[in-house]
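Here's the structure we're looking at; comments come further down.
We did not get these values from a lab; they are worked out from the coordinates using the rules stated. What you are looking at is a predicted structure, and each value in this text was computed from that prediction instead of being measured. As a convention, Cβ positions derive from the backbone with ideal geometry for all residues, glycine included, and neighbour counts pool all protein chains shown.
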Amino acid sequence: MIPAERQASIENYLRKEGYAQVEELSRLLDVSPITIRRDLDLLEKTGLVERSHGGARFRNFLHRESLYEEKGRAHQEEKAAIGQKIASLIQPGETIFINSGSTTRYVAAALRDRKDIRIITNNITILQVLGAGDGPEVILPGGFYRHQSQCLVGEETLEFLRRVFVDRAVIGTDGLSLENGLTSPVAQEAAVTRTMVEQCQGEVIVGADSSKMGRISHFKTVELGRVDLVVTDGFLDASLRAGLERIGVKIETV
C-alpha cells in the first residue's frame, strides 16, 4: 500500500470510528507504529485529524484554515486525477469559473493547452501552472489578495463576478456534507464561490478528494441541490455516495 492509500485508509477508519490508537492502526494496516505516527502527523497538518496521547480522532468540523502550502502537499495523486477528469468535461468555446484551492489548480494544469476556452478565476496559483504558454484566455477580477490561500476576495471581486455569466463552474471546497452542503472556514472565499455558482448558467462541478467528504466548516457556500456533479477519488464513503445520488447529484470517481 502506497502512502497516499494508507493515509486515505486511516482517514476513512477515523471517520467511521471517531478515534483510534496508533497500535490499533498499526495492526490494521500491517505497518510499524512509527509509520502510523508519521501519517497522522501529515493528516493533522491538513486539519483532518487531531492528535491525542497515543492515538488520533477525526476532526469532522474544520475549525481552522489550512495554509495553501499544506493543502498542496496532501493527496496530490488524487487531486491530479480529479483535475484530469474535470478538464476532460470542458467543451470547446466554453467560459468557465474556477475558484480558489489546490484541487482546482490541478484542473487548470490539465487545461494548460486548451486554446479554445476562457477561464475566469480568483485563484492566483492558476497563473503559475499555465505559465507563459499559448493556452486558455484567463481573466482575473480585482480584489483583496489573501496570501493564506493565494486568491482574490472582497467586494470588488464579487462586483466583477456579478457582471459575468458562464457556461460551467468548477468548484473546490473545504467541506462537503449531506446536512450542510459545501462549506468553507473563510467567509470571503465562501462569498466568492457562492457568487460563481449563482452566475453559472450551466453545470456546477465540485472537485474534492474524499478527505473533504463529511466535513463541515463555519461558512456555507452552496446547497448540494445546486451541484450537478461531484468528481472525487475511489475512497468516497458508500453512505455519502448513496445520499448524494438520492438527491440527484452525479458522482464520478477517479
Could you compute the net charge surrounding GLY142? Neighbours are other residues with a C-beta less than 10 Å from the C-beta of GLY142; K and R count +1, D and E count -1. -3
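Restricting to bridges with both residues inside the chain, how much of the DSSP beta-bridge set is antiparallel, in percent to the nearest 5?
About 40 percent, rounded to the nearest 5.
Under the definition of Cα pairs under 8 Å and six or more residues apart, what whole-number percent is the relative contact order of the chain?
Computed over the chain, the figure is 17 percent.
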What ranking of HIS75, HIS147, HIS218 emerges when the number of other C-beta atoms within 10 Å of each C-beta is taken as an exposure proxy, fewest first? HIS147, HIS218, HIS75
Under 5 Å between amide H atoms, partner at least 5 residues away or on a different chain: which partners does VAL254 have, H built in plane at 1.01 Å? THR232, ASP233, GLY234
In debye, nearest 20, what is the charge dipole magnitude of region 68-253 about its Cα centre with +1 on Lys and Arg Cβ and -1 on Asp and Glu Cβ, if you could check? 40
Only loop residues by DSSP count here, and only those with at most 14 other Cβ atoms within 10 Å; note down the GluC sites (Glu not before Pro) in region 158-209 that meet that. GLU179
Give the angle, between 0 and 90 degrees and rounded to the nearest 10, that separates the Cα long axis of helix 33-45 from the longest principal axis of the Cα atoms of the chain. 30
ASP116: net charge of surrounding residues, Cβ under 14 Å, Lys/Arg +1, Asp/Glu -1, itself excluded? 0
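Going by C-beta contacts inside 10 Å, put LEU161, LEU89 in order with the fewest on the left. If you can, show how the numbers build up before the last one.
Working: LEU161 22, LEU89 16.
In increasing order of surrounding Cβ atoms, one gets LEU89, LEU161.
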For LYS45, LYS212, what's the fewest-to-most ordering of other Cβ within 10 Å of each Cβ? LYS45, LYS212
Connecting every pair of Cα atoms under 10 Å apart in the chain and solving the GNM, the largest mean-square fluctuation among ALA191, ALA208, ALA132 falls on ALA132
Can you give me the Cα centroid spacing of region 101-139 and region 187-241 in angstrom? 20
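Using the structure shown, list the pairs from LYS79/LYS220; LYS115/LYS212; LYS45/LYS250 with a Cα-Cα distance above 27 Å, or answer none.
Among LYS79/LYS220; LYS115/LYS212; LYS45/LYS250, the Cα-Cα distance tops 27 Å for LYS115/LYS212; LYS45/LYS250.
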